[in-house]
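The values are calculated or read from the model by the stated rules, or taken from the named source; none is laboratory data. Quick caveat: nothing in here was measured; it's all calculated off a predicted structure. Note that we place each Cβ from the backbone using ideal geometry, even for glycine, and neighbour counts take in every protein chain shown. Please note that ligands, DNA and RNA were not included when accessible areas were found on the heavy atoms of the full protein model with its side chains. Shrake-Rupley method; radii C 1.70, N 1.55, O 1.52, S 1.80 Å.
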Amino acid sequence: MAETPSFMELALAEATAAAKRGEVPVGAVLVDAASGEILAAAGNRTEELGDPTAHAEMLVIREAAARLGAPRLAGCDLYVTLEPCAMCATAISFARLRRLHFGAYDPKGGGVDHGAKIFDQPTCHHRPEVIGGHREAEAGELLKAFFMKRR
């Protein structure tokens with residue numbers, strides 16, 4: 001019997017698919033923590049949709065909220081291949097996600113451990129548990145390979 005892929009593996013697969021579409025290879029999976037059910041999975045679609053907010057994290061948050069009919073996703077965990085930017089970190093806070101797992105750190109554009117450090121701000125409504133560096137090398141390699149081809 002084949003082993004079930006982890007949620008981060010699924011996020012990496014979404015990132016790989018995004019790269020094949022010419023998008024920055026970032027993938028995300030949003031999971032109901034209690035049941036383990038995948039509520040949404042997506043890769044970046046900013047170029048395809050002509051939408052600067054179509055980051056993988058935003059897409060899965062929107063889809064899961066619509067699917068559940070609720071603006072708060074308190075019992076949910078997000079797996080994403082890159083440290084979320086400030087926009088996505090703010091959306092994560094507003095959605096009240098329980099836990100954030102991310103792969104590669106983003107010293108230039110990250111908004112969690114770098115840059116704005118959204119969850120550390122006194123105006124932040126909710127801080128999820130954050131686990132960074134999950135399969136960091138694989139996630140980072142996808143990004144490096146993508147940008148090497150573009151140069």
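Under a GNM of the chain (C-alpha, springs under 10 Å), which listed residue has the highest mean-square fluctuation: 98, 21, 45? Ranking 98, 21, 45 by mean-square fluctuation puts 21 first. Considering only beta bridges that DSSP places wholly inside the chain, some 55 percent are antiparallel. The count of lysine pairs in the chain that are at least 8 places apart or cross chains, and whose C-alpha atoms lie under 20 Å apart, stands at 5.
The loop-placed GluC sites (Glu not before Pro) in region 26-117, going by DSSP, that have at most 11 neighbouring Cβ atoms within 10 Å of their Cβ come out as 37. For residue 129, the shell of other residues with beta-carbons less than 10 Å away shows a net charge of +2, using +1 for Lys and Arg and -1 for Asp and Glu.
Comparing 76, 85, 124 in a Gaussian network model of the chain, where Cα atoms under 10 Å apart are tied by springs, the biggest mean-square fluctuation is seen for 124.
Per residue, what volume in Å³ does the Cα convex hull of the chain take up?
116
Surface composition of the chain: carbon plus sulfur atoms contribute 55% of the solvent-accessible area (1.4 Å probe, protein chains only, all chains present). Region 31-106 and region 119-151 have their alpha-carbon centroids 13 Å apart.
For residue 130, the residues whose amide H sits under 5 Å from its own are 100, ignoring neighbours fewer than 5 places away on the same chain, with H placed 1.01 Å from N. Calculated mean residue ellipticity, 222 nm, the chain: -11500 deg cm²/dmol, from DSSP H runs (n ≥ 4) at -39500 (n - 2.57) each, averaged per residue and rounded to 500. Taking amide H atoms as placed 1.01 Å from N in the peptide plane, the amide H of residue 39 lies under 5 Å from those of 30, 31, 32, each 5 or more residues away in sequence or on another chain.
Rounded to the nearest whole Å², what accessible area per residue is found for region 57-146 with the 1.4 Å probe? Present the calculation step by step, with values, prior to reporting the outcome.
On the way: 4250 Å² over 90 residues.
In whole numbers, region 57-146 has 47 Å² accessible per residue.
For the chain, a Gaussian network of Cα nodes joined below 10 Å ranks 66, 91, 116 by mean-square fluctuation, and the top entry is 66.
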